[in-house]
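Novice: Just dropping this structure here.
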Amino acid sequence: MSEQIKFIVEQLNKDPFKKSFNLITFDSLEPMQLLQILNDVLAEIDPKQAIDIREEMPEQTAKRMFTLLGMLKYRPPGNSAEASSFRQGLVTGSKPVVHPVLHWLLMRIPELKKRAYLARFLMKLEVPAEFLQDEVIADTYHQYEELVDGFKGYHKECEQLKSSGFSTAEIRRDIGAMEEEKDQLIKRVERLKKRVESVSNHQHMLELARQLRVEKEREESLVHQKQEQKNQLFQAEQRLQRSQLQLKDLRQAAADAKPESLMKRLEEEIKFNSYMATDKLPKELESKKRTAQYLQKVVAEPAMGQTELGELEDKIREINMQINQLIEKRMMRNDPMDDKLSLFRQQASIIARRKEAKAEELQEAREELGGCERDLTQKNSQARDLDGTEVIRGDEFKRFLGKLRSKSTVFKKRRQEMAELRAEYGILQRTEEILKQRHEAVQQQLQSMEAKKGISGYSDTQEELERVSAIKSELDQMKGRTLDDMSEMVKKLNSVIVEKKSALAPVIKELRPLRQQCQELTQEYEEKKAQYDSCAAGLESNRSKLEQEVRALREEMAQEESRYHYINCMRQVIEMQMERAADEMKAYVSPDPQERRKAIREQYMKNIAEQESLGKKLRETQKAVRESHGPNMKQVKMWRDLEQLMECKRQCFMRAQSQASIGQVIQEGGEDRLVL
């Protein structure tokens, strides 16, 4: 389980998540935070899942996650009977459920991204059978299935092209470069053919050039073989040197191993192991047992709804209020003995936490050291399998870099010299061609003049005789000079040898003890260097440990400083509240009525009395309104009837006025007469 959490923390701290978790902070996350991290990982796989779960109902979050995990083909551990417990654990953010899901997702992110991308197009829509009876819907669904099958084929072809390693742009560039090189080579071949055709015996010269090229290729292969053999010899010498150094280190370690240092190291290991076995591991085991019992209790309970969660939150809020009240009462009591004990308790808890943190750091460092050693052995074995050599370390690597730099400088100089020689060779070759052409022209003129004079071949015979005589004279001179030189050289060498022997005799006598002294000093230097390396390694490890401790203490100091400022601010707030409470109590107890009126209690009592009197008046007004409601409603009805009656009279009057404009009505003796 620890390896699983470690892998999760490592992956979350990398791109693209860039979290800053460690094992402790990750293990102390709340269920809601753990579900948010799971949702972030799912959003990395499928961007549609990028949602803040605080803005979403828990049922919708669980349904969305179940759907995506099913699409990604995640199988929860256990049988089908435990599926309900898995769903409930995922809804509540249970660590035993969420951690395996995170581990499974983080191990397969590229594969799951591809699967989520394909699921968008390959998850077929479920159309009921009764809807497929319609021809239009059936044809559309058939086209949809054909498009899905076509997408499958195109995707397979795309994957095959990606896996083949070919790139069209690179191939086009290579083809263009090869065509340009081909054109250049064709032009050079044509120019060379034209130049060669004018030379006599060009076939024989071409054959000689071909043989020369073959011999040069053979020479290059021999040089390459020689270089490979030199490299193998150099690698063998390096392996021998490393073996000798390892043997020397082992001998020195065996010689420096004292019983006191071994006993001290064993005592430290025994103390650490006893602390782990008697103090740390039992506490962790007990906490794990309590957590397991609590989780079993939670699993055994039925699933809670939103109302039950609200009730639990209310209970938690009430308990927190009670705890705050008890803390305030305890602070008001101000017992000095309790303050001293609390200070000691805080110091003891800080020391215990620091001890646990150091033990965890030591355990992690040991695990990391073991992993590094395993990686080192694996890399060495891989390097040995590849080329039969071991990895170069330390001074050997520095010496190798020095040799490589010197060789690179020599190579650059030689390459520059070769370029200069090639340029000079081209100039000389061209000069030779020009001189040959001039010589041929002069020879042709000389031959034509000899033919005219009737002495053709005279110049060749004369040149041959002169050349033979010159060669003979040179040989004679060389013989004479050689004999004289040889005799003089022998005399000089003998004299030089005698002088060197006489001069080197005392130097050789002095050199013999110096050689012995050099060997002793070399051996002593190697021993001192090994001691210095071991001491430097120990000091470096101590320095790194001290730096880690200083860093941890600085972080702790920053935390304690922020805590001190927070407590100081709370203390000032509480002092202000205490002062207000004391002023209120003083004003309330004061015999002076003016001071008593300033008390907040009196002001609130006055406001309460005013509000009560106002409420009494309003109740009386309400009672009067209720009593007069019936008669008032009747009166309103009567007024409405009167209004209707007056409106009717108004209309009748208006109608009478309109009739008077047509004629005149005369009433006499109970009769009405209309006079037009």
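Novice: Restricting attention to region 305-312, does a residue exist that is modelled with pLDDT of 80 or more, in a helix (DSSP H, G or I), hydrophobic (A, V, I, L, M, F, W, C) and open to solvent by 100 Å² or more (accessible area, probe 1.4 Å)?
Specialist: no
Novice: To continue, here is another question. With 241, 232 as the choices, which residue is open to solvent by 70 Å² or more (accessible area, probe 1.4 Å), at pLDDT 85 or above and either over 20 Å from residue 92 (Cα atoms) or assigned to a helix (DSSP H, G or I) (or both)?
Specialist: Only one candidate passes the filter, namely 232.
Novice: Still on this structure, please answer the following. Among the residues of region 582-614, what is the count of those that are of a type outside the set (Ser, Thr, Tyr), in a helix (DSSP H, G or I) and loosely packed, with under 11 Cβ neighbours inside 10 Å?
Specialist: The qualifying residues number 11.
Novice: Sticking with this structure for a sec: For residue 330, state whether it is out of contact with any Lys or Arg (no Cβ under 8 Å at 6 or more places or on another chain) and either loosely packed, with under 10 Cβ neighbours inside 10 Å or modelled with pLDDT of 75 or more (or both).
Specialist: no
Novice: Then there is this: Sort out which residues of region 108-123 are touching a residue at least 24 places away in the same chain (Cβ under 8 Å) and open to solvent by 100 Å² or more (accessible area, probe 1.4 Å), and write them in order of number.
Specialist: 123 - this is the single residue of region 108-123 that is touching a residue at least 24 places away in the same chain (Cβ under 8 Å) and open to solvent by 100 Å² or more (accessible area, probe 1.4 Å).
Novice: Consider residue 127 against the criteria (1) open to solvent by less than 80 Å² (accessible area, probe 1.4 Å); (2) in a helix (DSSP H, G or I): it satisfies all of them except one. Which criterion is unmet?
Specialist: (2)
Novice: In region 608-630, is there at least one residue being more than 60 Å from the chain's Cα centre (by Cα), modelled with pLDDT of 75 or more and within 30 Å of residue 329 (Cβ to Cβ)?
Specialist: Yes; the residues of region 608-630 include at least one that is more than 60 Å from the chain's Cα centre (by Cα), modelled with pLDDT of 75 or more and within 30 Å of residue 329 (Cβ to Cβ).
Novice: Residues to consider are 347, 322; find the one that is open to solvent by 70 Å² or more (accessible area, probe 1.4 Å), out of contact with any helix residue (DSSP H, G or I) (no Cβ under 6 Å at 6 or more places or on another chain) and either closer than 30 Å to residue 62 by Cβ or modelled with pLDDT under 80 (or both).
Specialist: 347
Novice: Sticking with this one: Can you tell me which residue in region 1-44 is surrounded by the most Cβ atoms within 10 Å (Cβ to Cβ), limited to those that are under 17 Å from residue 367 (Cα atoms) and of a type in the set (D, E, K, R)?
Specialist: Here the answer is 6.
Novice: Residues that are open to solvent by 80 Å² or more (accessible area, probe 1.4 Å) and touching a residue at least 12 places away in the same chain (Cβ under 8 Å): does region 487-506 have at least one?
Specialist: Scanning region 487-506, I find no residue that is open to solvent by 80 Å² or more (accessible area, probe 1.4 Å) and touching a residue at least 12 places away in the same chain (Cβ under 8 Å), so the answer is no.
Novice: Moving to a separate point now. Please specify each residue of region 536-565 satisfying the condition of being in contact (Cβ under 8 Å) with a residue 24 or more places away in the chain and more than 14 Å from residue 350 (Cβ to Cβ).
Specialist: 548
Quick grid of which residues meet (1) open to solvent by less than 90 Å² (accessible area, probe 1.4 Å); (2) under 30 Å from residue 239 (Cβ atoms); (3) touching a strand residue (DSSP E or B) at 6+ places or on another chain (Cβ under 9 Å); (4) without any contact (Cβ under 8 Å) to a residue 40 or more places away in the chain:
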residue	(1), (2), (3), (4)
398	no, yes, no, yes
401	yes, yes, no, yes
408	yes, yes, no, yes
425	no, no, no, yes
428	no, no, no, yes
434	yes, no, no, yes
440	no, no, no, yes
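Novice: Specify the residue that is most open to solvent (accessible area, probe 1.4 Å); the eligible residues are those in region 533-572 that are among the polar types (S, T, N, Q) and closer than 13 Å to residue 354 by Cβ.
Specialist: 559
The values are calculated or read from the model by the stated rules, or taken from the named source; none is laboratory data. Keep in mind that what you see is a predicted model, and the values were worked out from it rather than measured. Backbone-built Cβ (ideal geometry, glycine too); neighbour counts: all protein chains shown. Side chains included, ligands, DNA and RNA excluded: accessible areas come from the protein's heavy atoms. Shrake-Rupley method; radii C 1.70, N 1.55, O 1.52, S 1.80 Å.
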